[in-house]
Amino acid sequence: MSLPPAAPVSPHRPATAWVRRLLGSWWRRQSPARQDRYATLGPLVSVLLFLAAIISAFWYLRNEEFEREQESVKRDTEIAQQQIRLRLIENQEQLVRIAREIVTRTIDQDEFLGQAASFTRERPEITNLIWVNGSRARRASYSTLTEHTELGVPIAEIGRSLPDARNPETDDAFKAARELRLPVYSRVFAGSYGNAVFQVHVPLLDRSAFSGTLIAEYSIDALVRYFIPSEVSRRHTMTLVDSQGKVVASTLGITPGQTSKPASIVYDVALAPAGNGLVLRGQGYRTSIGLISNTLFWMVLALSVLTVWMLLGTWRHMRRRMQMQSALMSETNFRRAMENSMLTGMRAMDIEGRITYVNPAFCAMTGFNESELIGRMPPFPHWPPDRYDENNRLLQQELQGRSPAGGIEVKAMRKDGTLFDARMYVSPLIDPKGMQTGWMTSMTNITEAKRVRDQLSASHERFTTVLEGLDAAVSVLSVQQGELLFANRSYRVWFGADSRGHGLLAGGEPGLPMIADIGDSVDSFGGLPTQELTEVGSDPREVFVDPLQKWFDVRARYLQWTDGRLAQMLIATDVTGRRQAETQAAQQAEKAQVTSRLVTMGEMASSVAHELNQPLTAITNYCNGMVSRVKGDAIEKTDLIAALEKTARQAERAGQIIRRIRAFVKRSEPQRQAAQAQAIVDDAVDLAGIELRRRNVSIHVYVAQRLPTLMVDPILIEQVVLNLLKNSAEAIDMAQMPRARRNIELRVVPKHTPEEGGVIEFSVTDTGPGLKDEVIARLYEAFFSTKVEGLGIGLSLCRSIIESHRGRIGAQNLYNGDLAVGCRFTFTLPVETAKSPGFEAATT
């Protein structure tokens, strides 16, 4: 693009006006899009230039300042290091001279002390001068410590008695000097008064033979204080650091271990010729320069003004354009949003029935675009071919304004030929003059809604059919009004269409609605957590309905009815037959238990007869003896009374045996009562003792003391224990086990299991031959027995008795390797919540 020729500058107008007019002319010739681009890029370029200038200036100033300060720190550190190095070399030369005099025996110990005093007086950095022999025994020493004796004489004058404190650093230095035959500097260590020091060991070589060392101890703090120039310490901080990086001395007066502000510039140099890990560290800090700050300020100010001026111009220009664009976009977006957000298809027609407008929803619903619909006359493309007459009739009805207010349900066709159900609503179009110019039709796709409605109707019909076919009575009652909302056929057969049957099945449960008595003005269920009630079910209950003489298993729950009311649903199943069968089964079980006890006593008849024969024989003998002695007048009154007492005890013994057997075998209604495990075991063992003695089997009873109380039928539990003891004795006797293995152990102990919780465990362990695996699998089957004359009801009844007490029974063989050496029967009984604080074992 060529610019117009520049006009000559008038001497009366400044050059800035000409430049401004030239730029304004160029800007006006640009297109709006290019103006927007320049207006956007101008501030961005300005800001970028501003940032680049700031970054460059700071980078340049920082580097220049850092390099200058770094060079200054390096120079001062090397100056300080050179001063200390020269001092150490000078001292080392003097120490070598003194060492040579000691070796050549030019000086003795007293003269050594004199030279040491003169040597240390001129060298304040040396605190101790020590002469040791080859075995590190001290020959002489001199110290310049500032402490004094009570007489005012310095310790330096009596240096012979100063102790020689040894540590690993000095030991290593001594050994190195002995091996290298050269002066060796030790590592830094703490001196006698806690100050940081190091030593130089100068070897004493007598005709190449090592005869000891001359040790000079340096105070590191004195080295820093006296030999670092004051002008250096004023400019920068000088620090001596050991090999571990710890500060041992500093010109700042920092004590060892103390931290200071970290320096931005650090320069380290080794402390030669010591070579003992000491490093002289120079530290410096950056400073600012006023001239640079002023220059930077004016640079920032100028760039900031330029940025603000360009941003203000851009803002004014963009604001005018945004106002116009916003108004246009608002209008366009509002119309587009209205058209695109509607799910209802809109179609406008003129008075003649020609389509003049369709929205996107109508096009999406039918599959035709605007060009295929606008301007079309009937028949329209979305009319099914087989419904032209019907749709034409509905169109004429629409054009005449006789369409129903509830809409018209029609069939429409998509472009791909598929049909869908639609509902159409019609309203007139009125122009600003009040004249009708056409009709506006809204169309909604109701295919899915109609399908769901049909499915709901079919589902409701199926659900009702299932409920009507149930043998259980199902009823739903409104909690607030007491109105029977639903009742199936079984409920109507048993209770009619009255809600009183619901109340009978509810069994008078608190909170169930006997609602007829509640007035309309009182809401007794206000504040009830409806959601929690509907989510929580209830346990099944068995209810006896006296008018029907039937038992029902009733399950109840609360639910929210279709109109939002809280309702209670009951499902009642007739269980009269089951209850009768259970009653009959209980009676049969009771008879079987009594029969089992009678069979047990029958099997033990000979043993019982033998047990009774002993007291009866004793009674007969006592009576015959007393009769004979009375006839012969050969008995005293005291002897007669003693004989009668013995006869009474034998009679009481026989009566006790008979009473225990009668209590065991007599028929009685099962009843649970509080019982102690010890009493049950004692009675069972007494009854079983007759059989055990007959079969020559010994028993060992172990019952834990302070056991919780059991809520059981003691006679039934006694029957189980007796049956298990009797079976164990028979197993041992039938197997003809030797005397060492004719033992039974009965144990009663508390136990806690994850499945049952707290229980009392009864276990009967014998030393018989055990049971076969197939026998254990069928052990509790009715009428299964391993005995030839057995009835097979003993263990089956035992299992029924234990399970009726909510316990468990089991059997297992005991093995010694692969050989069965016995069998153990175990059953558990749950205990009440009362727990004993401890258990004490008792053995009988």
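The values are calculated or read from the model by the stated rules, or taken from the named source; none is laboratory data. Because the structure is predicted, anything quoted here is derived from the model rather than measured. Here Cβ is always computed from backbone atoms with ideal geometry, including for glycine, and neighbour counts include all displayed protein chains. Keep in mind that these areas ignore ligands, DNA and RNA; they rest on the heavy atoms of the full protein, side chains included. Shrake-Rupley method; radii C 1.70, N 1.55, O 1.52, S 1.80 Å.
Here are a few things to note about the model shown:
- Taking amide hydrogens as placed 1.01 Å from N in the peptide plane, the amide H of G212 sits under 5 Å from those of G134, L204, each at least 5 positions away in sequence or on another chain.
- Global form of region 194-237, assessed from the alpha-carbon gyration tensor, a/c cut-off 1.5: prolate
- The candidates R20, R139, arranged from most to least accessible area with a 1.4 Å probe in the full protein assembly, appear as R20, R139.
- Segment R492-K631, extension gain: residue separation times 0.36 nm, minus the distance between their alpha carbons: 40.8 nm
- For the pair region 342-387 / region 492-507, the C-alpha centres are spaced 60 Å from each other.
- For the peptides 57-63, 176-182, 192-198, the ranking by packing is 192-198, 176-182, 57-63, with the highest mean count of neighbouring Cβ atoms within 10 Å listed first.
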